[in-house]
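Working notes, beginning with the structure itself.
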Amino acid sequence: MSSLEEMPEEAGFPVSSGLYHLDANDPHQQLIDRSRFSETDIEQISELMAALGRLRDAEQRLAEASLRYMKLNQSDMRALHYLIVCANHRVIATPGAIASHLNISTASTTKLLDRLERAGHVTRQAHPSDRRALAIAITPETHEAAMRTVGKQQAKRFLAAARLTPDERVAVMRFLDDMAREIEVADEPWAAAPR
């Protein structure tokens with residue numbers, strides 16, 4: 001077989017259908033030693049990686065549709081989600097808490113809140129128990145719009161999980177947590193390198 005470079009997808013080679021297959025990503029076994037895996041294991045694991053890819057693609061399409069519908073950027077949407085959860089739990093959100101949640105500076109938080117307030121998505125009021133702080137709340141109209149659209153679509157994840165047996169849920173949670181630990185970059189020197 002020719003190399004992938006010689007067989008572009010346009011010429012009929014289905015690159016995207018095999019994008020997550022182990023052989024496509026590690027043909028010379030530089031990343032994964034396959035000696036302890038059967039061909040059946042490799043095929044099934046590759047199919048599982050493809051399923052995760054389809055999930056990421058669906059999440060990306062949902063996120064992009066959400067941003068277009070709400071006419072906001074990703075940080076704005078994350079802030080609104082945080083404010084919805086705060087409202088649901090009757091927790092007063094402050095600019096500092098939002099900055100911490102989004103991992104952004106206070107100056108960036110001020111700009112974000114200015115933008116959201118101008119668009120009618122949030123309100124700023126004096127904090128009821130801390131005179132130095134502000135209380136930030138999502139407007140009822142934005143809360144309703146987000147719940148009716150994006151929230152309703154995101155909640156369908158629960159239905160997929162509900163179709164699993166309790167034992168299957170435990171296995172999926174263990175797998176996802178294990179995968180998250182495996183790909184964590186916190187201790188990787190290359191990940192901390194400046195751009």
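The values are calculated or read from the model by the stated rules, or taken from the named source; none is laboratory data. None of the values given here were measured: they were computed from a predicted structure. Quick reminder, even Gly has a Cβ in these numbers, built from the backbone with ideal geometry, and neighbours come from all protein chains shown. The protein model used for the area step is the full one, side chains on, heavy atoms only, and it has no ligands, DNA or RNA in it. Shrake-Rupley method; radii C 1.70, N 1.55, O 1.52, S 1.80 Å.
Descriptive notes on the structure:
- Pairing residues of the stretch 174-195 that are more than 14 Å from Met49 (Cα to Cα) and part of a helix (DSSP H, G or I) with residues that are open to solvent by less than 80 Å² (accessible area, probe 1.4 Å) and at pLDDT 90 or above, at Cβ distances under 7 Å and at least 6 apart in sequence or on separate chains, gives Ala191/Val185.
- Residue in the stretch 123-143 that is nearest to the chain's Cα centre (by Cα), counting only those that are loosely packed, with under 12 Cβ neighbours inside 10 Å and not acidic (Asp, Glu): Pro140
- Residue check, Ala63 assigned to a helix (DSSP H, G or I), modelled with pLDDT of 95 or more and either out of contact with any helix residue (DSSP H, G or I) (no Cβ under 6 Å at 6 or more places or on another chain) or open to solvent by less than 40 Å² (accessible area, probe 1.4 Å) (or both): no
- Boolean, Ile183 is surrounded by fewer than 10 Cβ atoms within 10 Å (Cβ to Cβ) and either over 22 Å from Arg78 (Cα atoms) or not basic (Lys, Arg) (or both): yes
- Annotation: Gly120 fulfils all but one of (1) open to solvent by less than 40 Å² (accessible area, probe 1.4 Å); (2) part of a helix (DSSP H, G or I); (3) modelled with pLDDT of 95 or more; the unmet one is (2).
- Among the candidates Ala146, Ala171, Ala155, residue that is surrounded by 13 or more Cβ atoms within 10 Å (Cβ to Cβ) and part of a helix (DSSP H, G or I): Ala146
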